[in-house]
Every structure is written in C-alpha cells, then in structure tokens.
Amino acid sequence: MELFKNTNYDFLGKKWPFIIASLVLTVAGFLSIAMKGGLKYGIDFKGGALMTVKFAYEPPLDKIRSAMKNSSQIKGDVSVQNFTGATAQNEVEIGTELQEEAQLNINRQAMEDVLKATFGQPGSGKLDLNNTSSQALADRLRDPLARAGVAMSEQQLQKLAAGLLDYINGKYSGLIADFNQLTSVPGMNSAIMNTLRQECYLAPFHEMKVEMVGPKVGAELRNKAVLATLYALAGMLAYIAFRFEWIYGLGAVIACFHDTIITIGLFSIFNEDISMTVIAALLTLVGYSMNDTIVIFDRIRENLKVSRREPLEAVMNRAVNQTLSRTVMTSGLTFLTVIALFLFGGPVLHGFSFALVCGIIVGTYSSVFVASPIVLFWHNYTDRNKNVRKAAPVLATAPRTTDAVKSSKR
C-alpha cells in the first residue's frame, strides 16, 4: 500500500529549518537541566520511599504537606503532588528522598501514621477498613461475630475477610465511602454488616501502593541505565558500519543520540520524572529510530548502484521519497498507539508514553533531516578534497608549459 506515489519533494533542500529546530530544542533542554540543578529522577534512581494514596475527594495537598513536614519521625525532604491521568482520580503521590537505607521503613510507617492521624479516626479504637489486611480484618471480626451469634469456622472467616477486601479493591479501587456498598459481597448478611459497622470505620483515603528503593541501589540502577543506552548505540554503530560505510553508522548513531538528548531535555522542560520505564522507552526509541534510518540508507545504497553519476543529494532525495509511504504509515500508526497510551494509560504509563510520543516525532524527522545530511556533508567534503588534490599537479605544471611556448616562438 502506498499513500504517496511518484513524489519528488526536496527534503534535503529543506533541512535547515529542522536542524535549527533541533539545536533550539537541545539548547533549551540543557538550559532547563542546568537551571533545575539536574534531571528529576524517580524513586528508582534516587532512592527513597514513594506512596500513592487515593482520596474520596479532591486531595488537600497543603494539608498533607503540612502534616508530613511537621512530623518528627519523617526524615529528609517530603514531596507531595497530584497524580494526573485519565484513570487517576483524586490520587496523590507522597515521596521522601533518603540517604540512609535504615530510615526507609521508618519513613514508610511514619507516613502511614501521619495520614491516619490527619484523616482517620485513630482515637476511636476501630479498624480502618480501607487500609487493612485480610488477616487483620479476620482477627478483628473473630470474637465480635461469635458474640453476635454468627457461626463461622476459621476457614470461613478467612474467606470472608479476603472476599471483602477483594471486593473493595476490585470494584472500588480499595476505597469505599459507605458500608452499604458492601451489600453485594458474597455471604454478606445483616449480622455481619452490623458487626462491620461496630468494629470498623472508613477513612477517606486508601494507600494504593508503596515503593522503596535504597540510595545505593538507585545509583547503581542509574549507572546501568546509562551504560545500557551507550552499549546499544555502540552496537548499532558497529553493525551499520559493517553493512554500509562507517559514515552511515556515525550518521545513524548521531541521529539516535540527537533523539535521546532532545527527549530527555523535554522531560526536564515539562518537569517529568526519569524512571526505569522511561529508560525502557528510550531504548525502544533508539531501536525504532535506527530502524527508520536503516530503511532510508538501504534505499540510498540500492539507488547508488544504478545511478552512480547522479549527484548524491538527488539520490538521497529520491530514496526518501520512495520510502515516504512506509515512513508515514509506520510512524503514524505507532504515534496513534502511543498517543492513546499517553491519554488513557494512566499515571503508571505516563512517563513511558510521554517519552515515546516525543521520541517518535523527533526520531521520524531526524532520519531524514539529521542522519542523511551528515552522510551528504561527509561525501561532499571528501569529494572537494579529492578535487583539490587532483587540481594541485595541474597548477604546478602550468607555468612550465607557458615558458616552453614562449621559447619556441623565439
């Protein structure tokens, strides 16, 4: 299938606006990184504790920040920010950055205690049904259910507790605001419901997940992520240099490096976290951009076999035009997919999809307006040097020829 037939666009003749745009984005990215004191790393790389909390209403960010900072048990800086996304509603991310691994569990427990003290009912003596385990719930209900005359074996009790929490987590994302929402739980009856109301309360928040990474592990992951990217680029340089010429490999690697640098710069400009999923997206981007570049280079090589006397720029333009339909269809369909991930994938896939959205846009034009011009520039440069070397002997012998002519006339 071809979207474009017999096109003859002068792509390389219009390379400078794209090259200038790349330079502007690169400088803006570096300036943003310098002004912000470096990249914004996620917990994966900097180490610390990260808690994601869902509220039954719009999270009171200032109240959460104030409560966390006023706690004497929480060490290190505390960050509180909204979690945005199509599937994320009333979610907040609370993080602490630590230099000591021994403090991680202390900080996690301290954050939970602060949330319960601020938004829960710790003085009531009841169990928070929105933030408990199935074992804790079973232990809490065992004696009250027996006093209420509910005959239940230990196995049935454990099944009831696990079923309650699975129902809450599956249907309500772990957070309910009314006990009446539990009427459809299998095995529920009025006696169990009354016991739940007496022994439990419903906090207006739910701890969705907690991540903890030690600072040493974070630094090691960061170094390995950089090495993985560099190794990928080096391997691709060697492969393309073997299959084509070394300048083709260099042009492709510079284009991939260009895509990576601009994408990372956009992460800094938009204040996005660099996490392990983002590194996975960058490696995906490197492979995707390299594949697009190789397709164009391969068509250039095929055209050179039948058009040896044609100017290289014309050969390259024809190669880009011949692969234009393939580029638009591949990049366009992939872009639609990652846009869907970005808009509807939720906060977990936000960084991954953002990197791919930026990278596909930048990578598509870099194959044409960055990699190809590098190869063209090098060949033009070497051709000029060859012409200069060939012209040098002619210039050197020219005066002697003139003198010989003059002497013969005499």
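Bear in mind that the values in this text are calculations on the coordinates, not laboratory data. Since the structure is predicted, the reported quantities are computational estimates derived from the model, not experimental observations. Counting neighbours? That spans all protein chains shown, and the Cβs are built from the backbone with ideal geometry, glycine included.
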* Structure fact -> Rounded to the nearest 0.05, FRET efficiency between Glu112 and Ser153 (Cβ-Cβ, R0 30 Å) equals 0.40
* With labels modelled as points extended 7 Å from the Cα through the Cβ direction, what inter-label distance (nm, one decimal) is found for Arg301 paired with Ser72? -> 7.1 nm
* Asked: For Glu310 and Ala34 in one chain, what is 0.36 nm times their gap in residues minus the Cα-Cα distance, to one decimal in nm?
  -> 94.7 nm
* To do: For the pairs Lys5/Lys305; Lys54/Lys159; Lys69/Lys209; Lys40/Lys69, note any where the Cα-Cα span goes beyond 24 Å.
  => Lys54/Lys159
* Tail beyond 21 Å, pair distance distribution of the range 122-203 (Cα, percent) -> 18 percent
* Between 0 and 90°, nearest 10: helix 350-366 axis offset from the chain longest Cα axis -> 10 degrees
* Among [x] 1.36; [y] 1.22; [z] 1.10, find the value of Rg/Rh (Cα atoms, Kirkwood Rh) that was calculated from the structure presented, and write down its label. => [y]
* Ranked Val24, Val253, criterion: other C-beta atoms within 10 Å, fewest first -> Val24, Val253
* Please identify the longest segment of the chain free of exposed chymotrypsin sites (Phe, Trp or Tyr not before Pro), where exposed means a DSSP state other than H, G, I, E or B and no more than 15 other Cβ atoms within 10 Å. => 58-269
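What trypsin sites (Lys or Arg not before Pro) does the range 301-392 have in DSSP loop regions with at most 14 other beta carbons within 10 Å?
Arg308, Arg309
Fewest first, what order do Asp44, Asp143 take by the number of other Cβ atoms within 10 Å?
So the residues, fewest neighbours to most, are Asp143, Asp44.
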